[in-house]
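Working notes, structure below.
The values are calculated or read from the model by the stated rules, or taken from the named source; none is laboratory data. These figures come from a predicted structure and were not determined experimentally. Positions of Cβ are backbone-derived with ideal geometry, glycine not excepted, and every protein chain shown enters the neighbour counts. Please note that ligands, DNA and RNA were not included when accessible areas were found on the heavy atoms of the full protein model with its side chains. Shrake-Rupley method; radii C 1.70, N 1.55, O 1.52, S 1.80 Å.
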Amino acid sequence: MTATICGTGSYIPSYTMDNNDIARLVETSDEWIRERTGVARRHIIQDETTVSMAAEAARRALNDAGVSPEEVDLIIVSTISSNVILPCAACEVQKELGAVHATCFDLSAACTGFVLAYNTALAYLTSGVYRTALLIGSESLSNLTNWKDRGTCILFGDGAGAAVLRSDDVAGTEMFPIYDPGKYFLPVTHSEGAKGGALTCKSRHDFNGLTGEKHQACQDHQADAESMLDESHYMQMDGQAVFKFAVKKVPEVIGEVLKLNQVAPEEIDYYIMHQANKRIVEAVAKRLDEPMEKFPMNLQEYGNTSSASIPILLDELNREGKLKPGQKLVLAGFGAGLTWGASIIEWH
Ligand code: UT7
């Protein structure tokens, strides 16, 4: 039994901030941001939330797949920036869609999140547990961005992408089949928590009502809700460390996944990489000795949308008619944790 992506969707907030808008907040320039990152503008939520964007991206993906909400067995929302802690964002999406039969949970693995959501759903589908999965990456990173820190605020943006994954046994005869190598591609993923300090964001819910202990920032600034947050409550990043990690580990993990599945680089039509920095994408292409045409990018328009970047890019390629049946794609994510991984998919 195997499973294929049979529909994609995305939702992008209409409000944009270009690099000149950012230059009015911090000491930077359009030229520096374009040259060092490739980003020209990013879309930022206004009335939208992580859940509302996830639900709209999901609606569009279901529509593209021709699948009704009632047919969905599994909803996974990958996010680090949900507007709800309880219930999980996936349950909120279920409610919005009326996907009454779905099992729902969130997944938190930052920019590798969508690849891990795909792998998780694939495991469920190929083992016969579920047949139809809705995978969503949705992020409101503008809520986690320190708009006074030029090392991070130039990079991030908001948005959501979704995909419908279906097993080829929709008729429902084969339950819990024995693993059949060759029918689908095995993923390769890694984590290195010891290096997690390179990209962090502290929880905003660290007031302990039992002991009465508040974090220091709360004690210092009780009068003003916004100033209760110190810098550690926004994303903090050692940009150079993350950059070095990405340009080393991403080509390595792509090499591993190709070797494991005995697929040659020439057989890959597109490498759908997490959209963090144009220079990272270019460095990965160079190390793999693969042409840049195989590395589509949209970070110039959206910035880094964490776990939403891969499904948004996938949806754009799909809607532009660039994906053809039988094509092989590599999805590659990397980011906070540290986590990284790659999966091969064959387009339906
Ligand atoms: O989703 C995954 C997580 N994130 C990433 O993948 C991000 C990975 N890292 C990066 O993309 C890059 O490291 C950044 C874009 C964040 C920074 O670019 P960089 O080329 O590594 O810059 P840098 O930190 O080495 O700084 C170079 C110079 C410094 O000035 P001096 O010391 O050479 O005079 C910085 O102070 O550029 C300065 N600088 C800036 N100048 C204008 C740093 N940020 C800015 C800025 N505007 N926004």
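With respect to the stated conditions, ILE344 is modelled with pLDDT of 95 or more, more than 15 Å from the ligand (Cβ to nearest atom) and open to solvent by less than 10 Å² (accessible area, probe 1.4 Å).
Among the candidates THR132, THR173, which residue alone is modelled with pLDDT of 95 or more, farther than 30 Å from GLY38 by Cβ and of a type outside the set (Asp, Glu)? So that I can check it myself, show each step before the final result.
Numbers: THR173 fails: modelled with pLDDT of 95 or more.
Step by step, each of THR132, THR173 is checked, and only THR132 is modelled with pLDDT of 95 or more, farther than 30 Å from GLY38 by Cβ and of a type outside the set (Asp, Glu).
Going through (1) surrounded by fewer than 23 Cβ atoms within 10 Å (Cβ to Cβ); (2) at pLDDT 95 or above one by one, SER306 falls short only on (1).
For segment 242-279, filtered to residues that are without any contact (Cβ under 8 Å) to a residue 60 or more places away in the chain, open to solvent by 40 Å² or more (accessible area, probe 1.4 Å) and not in a loop (DSSP other than H, G, I, E, B), the residue that is farthest from the ligand (Cβ to nearest atom) is GLU266.
Only residues that are within 30 Å of LEU144 (Cα to Cα) and either of a type in the set (S, T, N, Q) or in contact with a Lys or Arg (Cβ under 7 Å, 6 or more places away or on another chain) (or both) were counted in segment 248-263, giving 1.
Taking the criterion of being open to solvent by less than 40 Å² (accessible area, probe 1.4 Å) and in a loop (DSSP other than H, G, I, E, B), the residues of segment 13-56 that qualify are PRO13, VAL26, THR28, GLY38, VAL39, ALA40, ILE44, ILE45, GLU48. Restricting segment 131-145 to residues that are buried (at least 20 other Cβ atoms within 10 Å of the Cβ) and in a loop (DSSP other than H, G, I, E, B), the residue that is nearest to the ligand (Cβ to nearest atom) is THR145.
Count of segment 282-314 residues, restricted to those that are within 16 Å of the ligand (Cβ to nearest atom) and not in a helix (DSSP H, G or I), is 6.
Here ALA99 fulfils each of the conditions (1) buried (at least 19 other Cβ atoms within 10 Å of the Cβ); (2) closer than 26 Å to ALA276 by Cβ apart from (2). When GLU282, GLU301 are checked against the criterion of being open to solvent by 30 Å² or more (accessible area, probe 1.4 Å) and under 25 Å from ARG59 (Cα atoms), GLU301 stands alone in meeting it. When LEU329, LEU317, LEU323 are checked against the criterion of being in a loop (DSSP other than H, G, I, E, B) and more than 16 Å from the ligand (Cβ to nearest atom), LEU323 stands alone in meeting it. Contact annotation: residue pairs with Cβ atoms under 7 Å, 6 or more positions apart or on different chains, pairing a residue in segment 297-312 that is of a type in the set (A, V, I, L, M) with a partner that is assigned to a helix (DSSP H, G or I), are MET297/LYS278; MET297/VAL281; LEU299/LYS278; ILE310/PHE114; ILE310/VAL115; ILE312/TYR302.
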